[in-house]
Amino acid sequence: MMKQTDIFNDESLQNDIQDLVAIEQAMIRKTYPLPNLDKELEKIVGKENSDAEEPVKHQYPMMRMLMSALMGAAAMLAIVFVWQWVSSRQTIDEATGNRITQNVSSEQGMTMLQTADGEMITLTLADGTEVKLNSNSKITYPHCFKGAERMVHLEGEAFFKVRHDSKRPFVVDAGGVLTKDLGTSFNIKAYQGSDCKVTLVEGKVEVLAKNSQHKPVTLNPGQQYSLSAKETVSGQIINVNTDETTAWADGVLYYHDQTLEYILDNLAAYYQSKVVFRNPAVKTKHLDFSADKSGSIEDAIGLLNNLGVAKVSFKGNTIYIE
């Protein structure tokens with residue numbers, strides 16, 4: 001099932017941290033009560049001075065204050081770190097309301113987010129740019145953008161709706177191609193070992209192969225720049241149906257005027273299945289097809305059978321076409 005959620009940026013985290021700390025503190029105290037300061041202090045300085053008129057705890061007021069402050073600060077830091085660790089590892093599946101685990105790491109001011117099979121998430125970067133990350137994809141981005149450019153690194157597929165800033169262009173480094181926003185929404189598909197494809201939906205982007213000595217190429221809406229995984233110097237531009245390219249971001253498997261073989265190969269890859277054509281003659285038949293990504297493979301096969309192009313069945317993790 002497709003999983004989709006929002007990852008809070010740093011500003012919203014700062015705004016909500018006080019309320020969240022209070023909640024987390026109550027939960028931690030319930031499970032792990034804070035130590036008795038008096039008893040802990042007595043262990044350090046001696047339980048009691050038998051010759052003194054007052055207990056030890058009253059003879060060291062400054063030490064008590066210091067110990068209280070240190071332990072309070074330590075408890076607060078523990079609460080914050082626990083909350084940040086939990087929030088970075090768990091998010092909410094909007095479809096089911098259940099907690100799901102994301103592969104998230106944060107290091108030296110950068111965050112790396114990775115999705116699993118069949119998982120899609122939506123995140124908002126610190127500058128307000130919205131990113132939809134497709135399954136088996138990884139994006140690395142800074143907690144806060146600094147410098148002349150806002151750069152992120154992508155491996156896999158993502159759809160970007162960029163918050164435009166003429167003074168600080170947004171740049172995506174993916175699949176050997178640098179894509180620079182000029183006021184834009186665009187899709188990048190750059191899985192490891194596959195061609196890099198940049199598809200422009202709105203606005204304009206400049207694309208440039210990192211190993212190229214040529215000038216950047218400007219795309220117009222409906223155009224796709226493709227750089228072969230083997231040819232890393234120059235790419236080609238073609239016109240495409242952007243609805244088909246970006247349908248995944250809306251939770252839809254969509255194919256326009258594609259062969260049955262192409263559609264079934266894609267469905268098999270998505271559902272991690274195999275395909276066997278017992279009737280090779282139907283491979284080249286063209287059709288339009290769409291299915292909900294959150295549906296089962298049986299749902300998709302039922303929709304294919306409704307088209308009457310071929311008889312499709314599913315058994316033992318294999319799709320059969322008669």
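The values are calculated or read from the model by the stated rules, or taken from the named source; none is laboratory data. If you're wondering where the values come from, they're calculated on a predicted model, not measured in any experiment. Here the Cβ positions follow ideal geometry from the backbone for every residue, glycine too, while neighbour counts run over all protein chains shown.
The table for this structure:
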item	result
Residue in segment 109-121 that is surrounded by the most Cβ atoms within 10 Å (Cβ to Cβ), counting only those that are β-branched (Val, Ile, Thr) and out of contact with any helix residue (DSSP H, G or I) (no Cβ under 9 Å at 6 or more places or on another chain)	121
Counted residues, segment 306-322 - those being within 34 Å of the chain's Cα centre (by Cα) and surrounded by fewer than 16 Cβ atoms within 10 Å (Cβ to Cβ)	5
Residues within segment 279-305 that are of a type outside the set (Gly, Ala, Ser), surrounded by 15 or more Cβ atoms within 10 Å (Cβ to Cβ), modelled with pLDDT of 90 or more and closer than 26 Å to residue 136 by Cα, tallied	5
Segment 135-192, residues that are assigned to a strand (DSSP E or B) and surrounded by fewer than 16 Cβ atoms within 10 Å (Cβ to Cβ)	153
Residue among 189, 161 that is within 29 Å of residue 128 (Cβ to Cβ), in contact with a Lys or Arg (Cβ under 6 Å, 6 or more places away or on another chain) and modelled with pLDDT of 90 or more	189
Number of the condition not met by residue 276 [criteria: (1) surrounded by 14 or more Cβ atoms within 10 Å (Cβ to Cβ); (2) free of Cβ contacts under 8 Å to residues at least 60 places away in the same chain; (3) hydrophobic (A, V, I, L, M, F, W, C)]	(1)
Members of segment 219-239 found to be among the small types (Gly, Ala, Ser), at pLDDT 75 or above and not in a strand (DSSP E or B), listed by number	222, 228, 229, 235
Scope segment 198-208; condition surrounded by fewer than 22 Cβ atoms within 10 Å (Cβ to Cβ) and either assigned to a strand (DSSP E or B) or in contact with a Cys (Cβ under 8 Å, 6 or more places away or on another chain) (or both); matching residues	201, 202, 206, 208
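Yes or no, residue by residue, for (1) under 24 Å from the mean Cα position of the chain (by Cα); (2) of a type in the set (A, V, I, L, M, F, W, C):
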| position | (1), (2) |
| --- | --- |
| 170 | yes, yes |
| 173 | yes, no |
| 176 | yes, no |
| 188 | yes, yes |
| 217 | no, yes |
